[in-house]
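The values are calculated or read from the model by the stated rules, or taken from the named source; none is laboratory data. Just so it is clear, the model here is predicted, and its values are computed rather than measured. Cβ placement follows ideal geometry from the backbone for every residue including glycine, while neighbour counts extend to all protein chains displayed.
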Amino acid sequence: MTESMKVLISETQIQDRVASLGSEVSATYKALLSDEEPLLVIPVLSGSFVFAADLVRELSVPSEIDFIQLKSYEGSSSSGKVEIVKDIRADLKGRNCLIVEDIVDTGLTASFLLESLGDRKPKSLKLCSFLHKPSREEKKVPIDFLGFSIEDHFVVGYGLDFNGRWRHLKEVVIYEGGQK
């Protein structure tokens, strides 16, 4: 970390909340899943990979993982245009699916995902986001499972980055520029 960073959410707070989210997700899906019909967890790369890895280890229900990668950020700001860089391979039709996002900021990416994956006719499609910035919302999206709501800070750590850096941090920190 640099002097231009301030811890917003500690490693312990993250661990506790992810464990709770794992229980919430498991309770929601428990009666709907089986080994033959597991939950399809869809982490959004690259930002959610750390959160998703911790979350799936907390699930007590059968699950599979398939990744999707989108692009909507350039540096520290949303470009407003969402595009699929890597699509999922799984067929969503008739499946219970959980999108795992690192952060719902403007809501544009999450809205795009819910619409485009919803068009593939899943049995259910829910959204789990590690972070949410309500003050930045341009498009309201239903977040079914939420880690933390935060103020409008640019944050890095726990998978979130600035131009590919700082994902490795075990906590979420406010990034105010400094080193690039």
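Brief remarks follow.
- Residue that is nearest to S46 (Cα to Cα), among those in segment 102-146 that are assigned to a strand (DSSP E or B), of a type in the set (A, V, I, L, M, F, W, C) and under 12 Å from the mean Cα position of the chain (by Cα): I103
- Residue in segment 54-64 that is of a type in the set (G, A, S) and free of Cβ contacts under 8 Å to residues at least 24 places away in the same chain present: no
- Qualifying positions in segment 106-152 - charged (D, E, K, R) and either surrounded by 14 or more Cβ atoms within 10 Å (Cβ to Cβ) or touching a residue at least 24 places away in the same chain (Cβ under 8 Å) (or both): R120, K121, K123, K126, K133, R136, E137, E138, K139, K140, D144
- Matching residues in segment 20-39 - criterion: being at pLDDT 95 or above, touching a Pro at 6+ places or on another chain (Cβ under 9 Å) and either in a loop (DSSP other than H, G, I, E, B) or under 30 Å from F162 (Cβ atoms) (or both): P38
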